[in-house]
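Asks: One structure follows; several queries about it will come next.
No value in this document is a laboratory result; all are computed from the given coordinates. Please read these numbers as outputs of a predicted model, since none were measured by experiment.
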């Protein structure tokens, strides 16, 4: 499982929740509505959703994230659970939700069918699923460099474990599980990274799915080498770094 440095996450990678504010605009939370924030992280977006009067539950599989979220926003409810296999009973909720919201989470979970099935079961009839996460092609250059670095060091070709689906693939899964896709976008979102070691720091923060089972010393060696390989790409210019993000954003409704 990806291990999170919650302080580094908030301080140097705040773009994760800053960009998520656009997804909240699609959610259109209403006062009195019941909303589940799936993969809430340190809960800055959970708080924003709740600020308009909605009842919000934040769910995350990371114990550290949930602890930080509860410390920051003690007035909100948070539960530690897997997005791919949670139930209303498990999170101590008797009534289904009006909407499930998720930002920058679902690409960490290879069991996409488990996620969609759990979301479907948590929603009332007509409820909405509003989400954004990495789509096909996301951070392709960063992933390629890390894979090449690992091959140089270990002599093994080790694919990463991210889940970055195409729109057609994900829409098919949603429809199979009783959703109607109302809107879906697949778009480039070049994302500036902080510092002269922006690419290496990205891998240190988000490389859990890249370096699965890799010893810490080898992981750091591969991280440094990957940044060296990336220096000659379009991601590096005048000492600044940009991540080659590609996002998948969707609005779907439970119809069956």
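Asks: If I fit a long axis through the Cα atoms of helix 167-176 and take the longest principal axis of the Cα atoms of the chain, what angle between them do I get, 0 to 90°, rounded to 10?
Replies: Approximately 30 degrees, to the nearest ten.
Asks: If you count the DSSP beta bridges with both ends in the chain, what percent of them are antiparallel, to the nearest 5?
Replies: 55 percent
Asks: So, one more: From the helices alone, meaning DSSP H stretches of at least four residues, give me the mean residue ellipticity at 222 nm for the chain, per-run term -39500 (n - 2.57), in deg cm²/dmol to the nearest 500.
Replies: -11000 deg cm²/dmol
Asks: Moving to a separate point now. Largest first and in whole Å, give the semi-axes of region 153-221's equivalent ellipsoid, each being the square root of 5 times a Cα gyration tensor eigenvalue.
Replies: Working from the Cα gyration tensor, I get semi-axes of 32, 18, 9 Å.
Asks: In Å and whole numbers, how far do the C-alpha atoms of the chain stretch along each principal axis, longest first?
Replies: Between the extreme Cα coordinates on each principal axis of the chain lie 52, 39, 32 Å.
Asks: On full extension of the chain, what length is gained from residue 233 through residue 183, given 0.36 nm per residue of separation minus the C-alpha to C-alpha distance?
Replies: So the extension gain works out to 14.7 nm.
Asks: Using the alpha-carbon centroid of each, what span in Å lies between region 146-207 and region 110-139?
Replies: With region 146-207 and region 110-139 each reduced to a Cα centre, they are spaced 16 Å.
Asks: Right, another one. Give the average over all directions of the projected area of the C-alpha convex hull of region 183-256, one decimal, in nm².
Replies: That works out to 7.1 nm².
Asks: Here's a follow-up. How long is the gain from residue 71 to residue 85 if the chain were fully straight, where each residue apart is worth 0.36 nm and the alpha carbon distance is subtracted?
Replies: 2.5 nm
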